[in-house]
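The values are calculated or read from the model by the stated rules, or taken from the named source; none is laboratory data. These numbers were taken from a predicted model, which means no experiment stands behind them. Cβ sites come from the backbone with ideal geometry, for glycine too, and all protein chains shown count toward neighbours.
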Amino acid sequence: MSSEQIRVTLAGERETLLPRGSSLHEVLAPLSDPNNGFIAARVNDRLVDLTVPLDGDAVVEGIGADSEPGLEILRHSASHIMAQAVKAIFPEARVAIGPAIEHGFYYDFDVQRPFTNEDLEKIEAKMAQIIAEQVAFRRTELPREQAIRFFEERGEKYKVELLQELEGATVSLYQQGDFVDLCRGPHIPHTGYLKAYKLISVAGAYWRGDERNVMLQRIYGTAFADATALQKYLHVLEEAHKRDHRRLGRELDLFSFSDEVGAGMVIYHPKGALLRHILETFEKREHMRRGYHLVIGPTLLRTELWQRSGHFDHYRENMYFTEVDEQSYGIKPMNCLSHMLIYKSKLRSYRDLPLRYFELGTVHRHEKSGVLHGLLRVRQFTQDDAHILCTPEQLHQEIQNILEFVIEVMGMFGFSYEMEISTRPEKSIGTDEDWDRATSALMAALQSKGIDYRICAGDGAFYGPKIDVKLHDALDRRWQCATIQCDFTLPERFDLTYIGPDGNKHRPVMVHRVILGAIERFLGVLIEHYAGAFPTWLAPVQAILVTVTDRQLSFAGEICKRLQSAGIRVELDNRNEKLGFKIREAQIQKIPYMLVIGDREVEANGVRPRRRNGEQLELMSAEGFAALVEQECLQETGGRIGIGIV
Ligand SMILES: [Zn+2]
Ligand SMILES: [Zn+2]
């Protein structure tokens, strides 16, 4: 091998000798599909531009636009192209930062007036022009001081500020056309590689997220490898907008928020409270069936207890504190502590284990106001929280039981899911033996249920490994809900013990777990998943009676009573409004059944139910209708819940 040659390993296997200085374009050309070529490369585990010449032996992998790193590079490059377009149309705009984010990208601009929708259209059109010109992305490296002068001369004060904080003597700039940006890269080779993109929205954003700074204008956009993927995403976005739980929560009169109350605190209206009550009743029943004990702990616990548990040291920023009789109390952010005190209230034998304490525990956590979002991120919420204390030998079976629980419940709501195991992080406590035993118990339980899982190495909490369950909703979005978490610290810190068969004291294993997670968040997800059209077993109102005229009011009132006493959640619309108006309102409320009562129904002493999907059923008695609803609820819940749950 001559010194002019380098050894290049391609796609993990093919090794070839190539002239030193070959570009990645040339190296990857034989592997590249001409219609969907690589947009960047990974060289010895670093992502780089395709224009980079290879000057030594290397392991090379092509990055396609539809891969995870490829999409990020594509979106990030799109933000540069957008900034170029903005500068072309608004030369006085100052550019701040423009990263790729999940599902897209943004760029922040300092401009004299906010961007309008017409501006976005103009910017998109300019981007199309830049893309058609296939302008190359050119990388240059230069001393930091020189870069500062460069941006100073152009009045780009935000870039100057960023540069002043960067470490290192040299920085890299990227230029396409007359637009120059400070950036590490990599990017697509030229603007023509951006084939499917869309600008989505504009929002105000403070420079560096700090409200003491100037308000910038942030343009959000997205980009995909091809038009089909983009269209699919835009469709999901549109659907998600229609299903937004904050809007549906208002329209269906489920809940509200109030500035007078404070941010992140949910106010449940009658229908929302009923919905939650149904969910909670379902949960209590399911836990009792599985051998859990229902417990209730206090909201305020003395601060000393939080110090002992470690929450005060590790979690204080997220907690609220108050004072009672000159004694400091912490408002619970978790339910674990009283459950442990219940365990400790007696001497425990191995024969008592496992003990499973379940609480619909209301907790408070301080979330930054900027991340609060409807029901999905709140400051007060209720978890379906349980703590299982068992012997090490019982751990495997307990984890399996929880997994079965999760799978049954998620199936009932029509969610599919994926699971992740998070393993030991660098900073952690507990012995290797503890970690190995708990981690392998989690893995073995997943394997014995035949569930595929991903390993997130080092992502566990400092006190133990965990399984996270991510739901896929009707729009195939991912939501974190159930968590199964092993814990080595709390049994240690609170000196929990049981007497083993050998007559000696042993340490129990503790598992924290939630099935739905926070009820608030789960409700938010459910509202969007069902687009507000809850299945009959869960619908706060299952049927609405609508009279054609006031003549049928007394008969409708009587039917309403009969249905109520049968356990149906029914409402009577007795307003003196036109029939068409009342029917439309009932449809907007997405009530599963509408019972229109006219003279014919009064005469026949029956109802003619109409399903939410428009299907018209035959005449039946009120009791016949109750039986039909009961059947439907049982079918939806696999026989768990009929009528009369509330
Ligand atoms: Zn960049
Ligand atoms: Zn806990």
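Hey, any hits in region 201-209 for a residue that's within 15 Å of Gly98 (Cα to Cα), within 16 Å of ligand 1 (Cβ to nearest atom), aliphatic (A, V, I, L, M) and without any contact (Cβ under 8 Å) to a residue 40 or more places away in the chain? Quick ask: steps written out before the conclusion?
Of region 201-209, the ones within 15 Å of Gly98 (Cα to Cα) are 201-209.
Then keep just the ones that are within 16 Å of ligand 1 (Cβ to nearest atom); that gives none.
No - not one qualifying residue is present in region 201-209.
Can you confirm whether Leu389 is within 16 Å of ligand 2 (Cβ to nearest atom) and not in a helix (DSSP H, G or I)?
yes
For region 589-597, state whether one or more residues are of a type in the set (Ser, Thr, Tyr) and at pLDDT 95 or above.
Let us first name the residues in region 589-597 that are of a type in the set (Ser, Thr, Tyr), namely 593.
Keeping just the survivors that are at pLDDT 95 or above gives 593.
Among the residues of region 589-597, at least one is of a type in the set (Ser, Thr, Tyr) and at pLDDT 95 or above, which makes the answer yes.
Only strands (runs of 3 or more DSSP E) wholly contained in region 1-92 count here; list those with 3 or more residues that are under 26 Å from Asp181 (Cβ atoms). Even if it seems obvious, please write down each step before you answer.
Values: elements: 5-10, 14-19, 38-43, 46-48, 58-64.
Ranges flagged: 38-43, 46-48, 58-64.
Just one of Ile455, Ile467, Ile429, Ile421 is modelled with pLDDT under 90 and among the β-branched types (Val, Ile, Thr); which is it? Even if it seems obvious, please write down each step before you answer.
Working: Ile455 fails: modelled with pLDDT under 90; Ile467 fails: modelled with pLDDT under 90; Ile421 fails: modelled with pLDDT under 90.
One residue alone meets the criteria, Ile429.
Residues being part of a helix (DSSP H, G or I) and either β-branched (Val, Ile, Thr) or within 39 Å of the chain's Cα centre (by Cα) (or both): count how many of those fall in region 130-176.
Within region 130-176, the first condition is being part of a helix (DSSP H, G or I), and the residues that meet it are 130-132, 144-153, 157-165.
So of that shortlist, the ones also either β-branched (Val, Ile, Thr) or within 39 Å of the chain's Cα centre (by Cα) (or both) come out as 130-132, 148, 151, 157-165.
Looking only at that region, the number is 14.
When Arg521 is evaluated against the numbered criteria (1) away from ligand 2 (no atom under 16 Å from the Cβ); (2) over 32 Å from the mean Cα position of the chain (by Cα), which criterion, by number, is the only one it fails?
Single failed check for Arg521: (2).
Name every residue in region 362-397 that is buried (at least 16 other Cβ atoms within 10 Å of the Cβ), out of contact with any Pro (no Cβ under 6 Å at 6 or more places or on another chain) and more than 30 Å from Gly264 (Cα to Cα), in order of residue number.
Thr391, Leu395, His396
Identify the residue in region 446-495 that is closer than 23 Å to Arg308 by Cα and of a type in the set (Ser, Thr, Tyr) and, among all such residues, is nearest to ligand 1 (Cβ to nearest atom).
Here the answer is Tyr463.
Quick check, is Ile89 of a type outside the set (Gly, Ala, Ser) and within 16 Å of ligand 1 (Cβ to nearest atom)?
Working: of a type outside the set (Gly, Ala, Ser): yes; within 16 Å of ligand 1 (Cβ to nearest atom): no.
Spelling it out, it is not the case that Ile89 is of a type outside the set (Gly, Ala, Ser) and within 16 Å of ligand 1 (Cβ to nearest atom).
Return the pair list, or none, for Cβ contacts closer than 7 Å from residues in region 375-392 that are under 30 Å from Thr497 (Cβ atoms) to residues that are hydroxyl-bearing (Ser, Thr, Tyr) and in a strand (DSSP E or B), at least 6 apart or on different chains.
Every condition considered, the pairs that remain are Ala386/Tyr357; His387/Tyr357.
Out of Glu124, Glu102, which single residue is modelled with pLDDT under 95 and surrounded by fewer than 18 Cβ atoms within 10 Å (Cβ to Cβ)? Please lay out each step first, then the result.
Working: Glu124 fails: modelled with pLDDT under 95.
Selected residue: Glu102, the only one of Glu124, Glu102 that is modelled with pLDDT under 95 and surrounded by fewer than 18 Cβ atoms within 10 Å (Cβ to Cβ).
Name the residues in region 481-516 that are at pLDDT 95 or above, among the charged types (D, E, K, R) and within 13 Å of ligand 2 (Cβ to nearest atom), would you?
Arg513
How many residues are assigned to a helix (DSSP H, G or I), surrounded by 15 or more Cβ atoms within 10 Å (Cβ to Cβ) and free of Cβ contacts under 8 Å to residues at least 12 places away in the same chain when one looks only at region 596-626?
0
Are any of the residues in region 548-560 part of a loop (DSSP other than H, G, I, E, B) and among the charged types (D, E, K, R)?
Filtering region 548-560 down to residues part of a loop (DSSP other than H, G, I, E, B) leaves 548-549.
Checking the rest, the ones that are also among the charged types (D, E, K, R) come to none.
No, that holds for no residue.
Examine region 272-295 for a residue that is surrounded by 14 or more Cβ atoms within 10 Å (Cβ to Cβ), of a type in the set (S, T, N, Q) and more than 16 Å from ligand 2 (Cβ to nearest atom), and state whether such a residue exists.
no
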